[in-house]
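The values are calculated or read from the model by the stated rules, or taken from the named source; none is laboratory data. Small disclaimer: the values here were computed from a predicted structure and weren't measured. As a convention, Cβ positions derive from the backbone with ideal geometry for all residues, glycine included, and neighbour counts pool all protein chains shown. In case anyone asks, the SASA skips ligands and DNA or RNA and just uses the protein heavy atoms, side chains included. Shrake-Rupley method; radii C 1.70, N 1.55, O 1.52, S 1.80 Å.
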Amino acid sequence: MDRYKPQEIEKKWQDKWESENVYKTEMDPDRPKYYALEMFPYPSGNLHMGHVRNYSIGDVMARYKTMQGFNVLHPMGFDSFGMPAENAAIKHGVKPSDWTFSNIENMKRQQRSMGLSYDWDREAITCRPDYYKWTQWLFELFYKRGLAYKKKATVNWCDTCGTVLANEQVIDGKCWRCDSPVEKKELSQWFLKITDYADELLEDLKLLKGWPERVKVMQKNWIGRSEGLEFSFDVPSMGTKIPVYTTRPDTAYGVTFLALAAEHPLVEEICKTSPKADEIHAFCEHVRHQSDIERTSSESEKEGINTGVICINPFNGNEVEIWVTNYVLADYGTGAVMGVPSGDQRDWMFADKYGIKKILTLQPKDKQLKLEEMTEAYVEKDGVLVNSGKFTGMEMHKAMGAIIEEAEKQGFGKRHVNYRLRDWLISRQRYWGAPIPVIYCPHCGEVLVPEKDLPVLLPENVSFEQGSVSPLAHCDEFVHCKCPKCGADAVRETDTMDTFICSSWYYLRYTDPKNDKEPFAKDKVNYWAPVDQYIGGIEHAVLHLLYSRFFTKVLRDAGLVDFDEPFTNLLTQGMVIKDGSKMSKSKGNVVSPEEIINKYGADTARLFILFAAPVERDLDWSDQGVEGAFRFLNRVWRILLHFEDTVKGAPTAYDVTKLTKEEKDLRRKLHLTIKKVTEDVGERFMFNTAISNIMELVNELYSFQEKEMNAGLARETAASLLKLLAPFAPHIAEELWSRLFEGSVHQQKWPSYDESALQEDEIEIVLQINGKVRDKIMIAPDLDRDAMKEVALATPRAQELTAGKQVVKVICVPKKLVNIVVKG
RNA sequence: GCGGAUGUGGCGGAACUGGCAGACGCGCCGGAUUUAGGAUCCGGUGCCGCAAGGCGUAUGGGUUCGAGUCCCUUCAUCCGCACCA
């Protein structure tokens, strides 16, 4: 018998699969489809273990569903625009495209070495003109639908990356990519109007039954919908009004000051006439110098300055002073907040610090509050109103509605819904991205590049000497052009699009990747999409996964697709950990997939990574565990080749009734394994237990190593075992299949189990006395409760332990146990 | 602070609907084979105890004939959100 040599057989089968194009997929409306998708990688140069885990999971699903008879779409591509390519250009003088494409080649080689069942004919590479042409086309679609606009705004700026960032890309006040602090800048930038879809993006989370709860919670928090009242305070001395937003209209009678954000436009107005202008300016300057982290931390000291300007609470006519503060955010709500010390802890602290008075407007139903005894605000959302004019005595929730109605009736306010979600800032001052297809004409203004002129090609010959300014802006032949409308000399937009735009629709492009007339044909996209199973890391919970949902909804409204959500089921895999932390170069705990595959083969790598932990949990890398997976595959190899001659000479059918007891047990184990693996893979995504079940079957098979075995059973066992193993370890399964059977294991039908094979003549049940296991007894499986009770009570063990005691009760669970409850 | 998740042998983890806790794998111990090592095969391996038996799923309580699983309490760890008015 020859030894298991993974390097040889894996290469052999990969070449064969590729040359025979076995993973090519065609649309077939007569067959049920299954779209399995792993998040496509950024071509950094090498696969890491997280990729290996991601693709192994996806490949199991794709192969399993194929064997189940589905028409499976399983594509791969590269999210290949982005900063690292440009940084490589700046640092090493290589062209971003060269750097990118050579990385893609290397990563594809590594992906091939994993034996993944991709249809490479469908590859999507976002930095290629045939792809980004349609990214630009989609931008224009958004523009035409009023969903893309340019606006001057305060935006996030990362100085290290030399570009602006979307809100979603700022994590704790720092750049998501390089971790340097993000500054605020006033710039004119392109936005996509994701806020138009805020409500639907929130509402439709309910449709996503196949998504992890925590991803939905994160999106919900990010969208941040709140309901309340927007109403205005009059400023008589200035002849103007200040609108405020509150979710607690029930506390409106308790307002004792009005707080403005330092950036609020009214602050400048006040300064024009105020004798305290210098002081106010100094304060605003001070606030602006606080970092985002300081300003948005709930622990930060609340500070403010009294402008001395009076405004009037429209509910009770009270005069209150306008303060400028550091804790009101300019870009949420109206940038102005009513201050109610008795009902809000922040306002309470602020009032204490500056000696502002408090008015109590809410107290618990069963207790009288006294301001002078209180040490903090009463923030419970429960109670009865006091000191609130005609609303005094009203229950709090009822009062909220009534007060909103009052404001609407009096005409100084209205019910209002607010979101935390901001529009998506998509322009980037970088070179390596899809150019925004807009031209600025001195006569016509902002003009879209006509569809026939798409794509706007990214010029290859640019200089990276310009420091932090985009090389595109210095590329004269790119910048200067003619206006498509009037023919006058004009200039191009030199910003490129956020790469998250490119990745917001790639899963749709896979359905029709070579289409040069449209981004994808409608029949194809509606046949394949939405994605049935999407697999990737949790880190995209509010980035890619939110943007893609937004894109899908816009495309649906434009009539390009017929579905509401892009990803029906989402699986968020855990990280790969070693020595207690995520694998990273800086920690020095990286294990290279390429080395592991070279040493043990891809089948071992895949098997270990799927076996070591449930897919959603973090996975502890263990070199010894890898050895174990390798050992198991060797065991499979040896035992099946041990039976090679038996299997080859075996009939396809055999008489089950002629089997020995051991053979019947093996057959039962086989069918039980089929049942469990099918459930674990198909319903529960428990690949670890699916593999352990296969291991148990192999262990069982080893008990026949020194024994004769019914040839028909040997054949059935070998065939089913290889089919069960095929999605996890495709090469060894294929090799052994080719030695024992005809054709390809991957084109076999997934095995089904025979219910009758699971039947047993006798089963072991547990005998408990007072809930403690005291004996195990063999009974016929179909015994009813009464018969079980009789058998159990008659056993010597039960006799012994119940002697002299009173049997209070006997609980019988068919096929499981008998519990005798005794007293005395 | 709020929200979510997790907590089981020396380790990774099983136990799906309340019914033999620790499947499977790693590690460890023993045996066979071998000149030896490695590889392989077989057996053992939660803790205490010579044993009978007792104790065990973060903590303390509860429901139940029976709880890792259900309910309440406390603790720990991780993740997300966090001045959002």
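List of remarks:
- Label zone of A:ARG797 (point 7 Å out along Cα→Cβ, amide N under 20 Å): in segment A:804-824 this covers A:804-823.
- Computed over the alpha-carbon atoms, chain A gives an Rg to Rh ratio of 1.07, Rh here being the Kirkwood radius from the mean inverse distance.
- Anisotropy class of segment A:643-791 from Cα gyration tensor, a/c 1.5 cut: prolate
- Of all aspartates and glutamates in the structure, the ones whose alpha carbon falls short of 14 Å from that of A:LYS522, not counting any fewer than 8 places away in one chain, are A:ASP512, A:ASP557, A:ASP562.
- Net charge over other residues, Cβ less than 14 angstrom from the Cβ of A:MET374 (K, R count +1; D, E count -1): -3
- Over segment A:680-761, the pair-distance histogram of Cα-Cα distances with 5 Å bins from zero comes to 3, 12, 21, 25, 22, 12, 4, 1 percent, rounded to whole numbers.
- Spin-label pair A:LEU207/A:ARG638, simplified geometry with 7 Å Cα→Cβ offset, distance in nm: 5.5 nm
- Label-point gap, in nm, between A:LEU672 and A:LYS816 - each point 7 angstrom along Cα→Cβ: 1.7 nm
- Net charge contributed by nearby residues that have their C-beta within less than 14 Å of A:LEU147 (K/R +1, D/E -1): +2
- Size of charge dipole - chain A - debye, nearest 20, with Cβ of Lys, Arg +1 and Asp, Glu -1, no other charges: 1220 debye
- Of all aspartates and glutamates in the structure, the ones whose alpha carbon falls short of 20 Å from that of A:LYS151, not counting any fewer than 8 places away in one chain, are A:GLU140, A:GLU168, A:GLU183, A:GLU186, A:ASP196, A:GLU263, A:ASP331, A:ASP423, A:GLU446, A:GLU493, A:ASP495, A:ASP498.
- Over segment A:30-88, relative contact order from alpha-carbon pairs under 8 Å, at least 6 apart, %: 53 percent
- Calculated on the Cα set of segment A:637-715, radius of gyration then Dmax: 13.5, 38 Å.
- Loop sites in segment A:106-208: chymotrypsin sites (Phe, Trp or Tyr not before Pro), DSSP, at most 13 other Cβ within 10 Å: none
- Overall form of segment A:305-365 per C-alpha gyration tensor (a/c, 1.5; a/b vs b/c): rounded
- Global geometry of segment A:350-426, whether rounded, prolate or oblate, following the gyration tensor of its Cα atoms and the 1.5 cut on a/c: oblate
- Cβ-derived FRET efficiency at R0 25 Å, A:ILE171 paired with A:LYS220, nearest 0.05: 0.85
- Cα pair count fraction exceeding 20 Å, expressed as % - segment A:470-593: 63 percent
- Between the Cα long axis of helix A:785-794 and the first principal axis of chain A there is an angle of about 60°, rounded to the nearest 10.
- Surface accessible to a 1.4 Å probe, A:LYS144 within the full protein complex, Å²: 140 Å²
- Checking the Cα-Cα distances for A:LYS193/A:LYS485; A:LYS152/A:LYS553; A:LYS209/A:LYS514; A:LYS367/A:LYS409; A:LYS65/A:LYS675; A:LYS108/A:LYS582 against a 21 Å cut-off, the pairs over it are A:LYS193/A:LYS485; A:LYS152/A:LYS553; A:LYS209/A:LYS514; A:LYS367/A:LYS409; A:LYS108/A:LYS582.
- Calculated FRET value between A:ALA653 and A:SER703, using beta carbons and R₀ = 30 Å, to 0.05: 0.80
- 0 to 90° range, to nearest 10: angle between helix A:49-67 axis and chain A longest Cα axis: 60 degrees
- Förster radius 51 Å - calculated FRET efficiency between A:ASN306 and A:TYR440, Cβ distance, rounded to 0.05: 0.65
- Principal-axis tilt of helix A:730-740 within chain A, Cα atoms, nearest 10 degrees: 20 degrees
- Residue among A:CYS483, A:ASN699, A:SER274 farthest towards the positive dipole end of chain A, charges placed on Cβ: A:ASN699
- Stretching the chain fully between A:ASP489 and A:CYS178 yields a gain of 108.1 nm (0.36 nm per residue, less the alpha carbon separation).
- Among the listed pairs A:LYS353/A:LYS414; A:LYS772/A:LYS823; A:LYS133/A:LYS482; A:LYS16/A:LYS749; A:LYS133/A:LYS452, those beyond 22 Å (Cα-Cα): A:LYS353/A:LYS414
- Reachable lysines, given that their alpha-carbon falls under 26 Å from the alpha-carbon of A:LYS365 and they are not under 8 places away in the same chain: A:LYS357, A:LYS381, A:LYS390, A:LYS398
- Residue order for A:LYS65, A:LYS676, A:LYS390 - accessible surface, 1.4 angstrom probe, largest first: A:LYS390, A:LYS676, A:LYS65
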